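The values are calculated or read from the model by the stated rules, or taken from the named source; none is laboratory data. Not measured: the values here are computed from a predicted model. Glycine also receives a Cβ, built like all others from the backbone with ideal geometry; neighbour counts cover every protein chain displayed.
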């Protein structure tokens, strides 16, 4: 295995990755709180860690990947109360919606997907351990973690207690010994879901669930813990404190955090109301367009979501599929003059030979999907240059090279979940989405294209040009070829 380097939030530097167990990686990523449908910010985290998961397995590791569902929480309870139903109904609804969205995005299922309510017993045991060792205290049916008993508190976020106090907007709670102490167990209120515990009926705090679930599947110390940057404080900081205080060992060794999705330089979030759901985006764009858009920026950097940026990602993905389409039609049609394509053929052969190594080098450099996918476009352009230089009539060796290049292109793209459709199905779905977005009748377009074809046969060039202009105003582009006229709709953006 090549040397993989990962940027570790804990140390604020790239480190050579060495798993606890040779050839085996244990990875935990915080999942959703199931109270609403997911937005593009959730999609980024899911797609980033899907690419990481795919690549680690491609690199030869056995990966045990855990992603949880929070299915009991204040937001879920409030939603249930607002709708006059129960928390379980709300959680089930949005876990189902999550799977529908993730399946459409092509996100592979983790090894384990536990729900918080399945680990109540383990959470109570962990809280008891913290109470017995003096790191937690009961108060009025609640149990709080005593932050001042863990000297390393703040080591992940690199904040002082004063900074954390200011950033957390800590609510005054007379039951707490210190304002920074956080709830491990909450006494239940009337009408809320609850479980029996040594401190009375209640439910777990948010932070404790990830410590219990990760320990249950991955052990008390594991390799990679991931999530969005918004989870660094307080969630991940609190996970470290309660886990390391309880077990006296390093919790997670490498912390990986993806950056925000922004709209107008402001973080996309439900609380700000500036968000697009995954479902809204997929009404207009194919799932791989969103995947390419999000993976074309390094995962730690913020990315600005806009229709213009999505349109550009769509056009870039089109070019890759057009390359596959063209190479799929390659046939040996005659000898090619060496002077016409020899330099391009040599360059293409070199790029194909080096593609896998270059792709791997970028992915080994802190999962740099932006640079890795850049090599795919480089090979795509080289394939098209050779095809053009041959005038569409490559000799046998060149044709074989074009076909091999397209195969390698699709193979490497698959590592990050791209180029999973056939060109035919990709363009058919793209056309369907564009027609729906533009409100254009497909049958009317077909009628006009057929009328233009008749006009061309009758050498009525004026009418043929008039129809082309009409179709152009409808954002329909035409491509005349030996097999007839193909048409595609191009959105104005």
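From 397, 465, grab the single residue that is assigned to a helix (DSSP H, G or I), free of Cβ contacts under 8 Å to residues at least 60 places away in the same chain and in the same structural domain as residue 345 (by TED's automatic domain parsing).
Going through 397, 465 in turn, the sole match is 397.
Of the residues 317, 292, which single one is at pLDDT 95 or above, farther than 30 Å from residue 391 by Cα, in a helix (DSSP H, G or I) and in contact with a helix residue (DSSP H, G or I) (Cβ under 9 Å, 6 or more places away or on another chain)?
Within the list 317, 292, the selection yields 292.
I'd like to check something: does the range 408-415 contain any residue that is buried (at least 17 other Cβ atoms within 10 Å of the Cβ), without any contact (Cβ under 8 Å) to a residue 60 or more places away in the chain, assigned by TED's automatic domain parsing to the domain that holds residue 346 and under 25 Å from the mean Cα position of the chain (by Cα)?
yes
Within the range 275-283, can one find any residue that is touching a helix residue (DSSP H, G or I) at 6+ places or on another chain (Cβ under 8 Å) and closer than 29 Å to residue 145 by Cα?
No.
Mind listing whichever residues of the range 1-20 are surrounded by 14 or more Cβ atoms within 10 Å (Cβ to Cβ) and farther than 22 Å from residue 60 by Cβ?
Across the range 1-20, the qualifying residues are 9, 10.
Go over the candidates 96, 78 one by one and state the one that is under 23 Å from the mean Cα position of the chain (by Cα) and surrounded by fewer than 20 Cβ atoms within 10 Å (Cβ to Cβ).
96
List the strands (runs of 3 or more DSSP E) that sit entirely inside the range 178-286 and contain at least 3 residues that are over 21 Å from the mean Cα position of the chain (by Cα).
182-187, 202-204
Sort out which residues of the range 288-302 are touching a residue at least 60 places away in the same chain (Cβ under 8 Å) and either in the same structural domain as residue 259 (by TED's automatic domain parsing) or closer than 27 Å to residue 402 by Cα (or both), and write them in order of number. Walk me through how you get there before you give the answer.
Within the range 288-302, the first condition is being touching a residue at least 60 places away in the same chain (Cβ under 8 Å), and the residues that meet it are 288, 290-292, 294-300.
Passing the criteria: 288, 291, 292, 295, 296.
Residues that are in a strand (DSSP E or B), surrounded by 12 or more Cβ atoms within 10 Å (Cβ to Cβ) and not assigned by TED's automatic domain parsing to the domain that holds residue 318: does the range 445-455 have at least one? So that I can check it myself, show each step before the final result.
So in the range 445-455, the residues in a strand (DSSP E or B) come out as none.
Taking every residue of the range 445-455 in turn, none turns out to be in a strand (DSSP E or B), surrounded by 12 or more Cβ atoms within 10 Å (Cβ to Cβ) and not assigned by TED's automatic domain parsing to the domain that holds residue 318.
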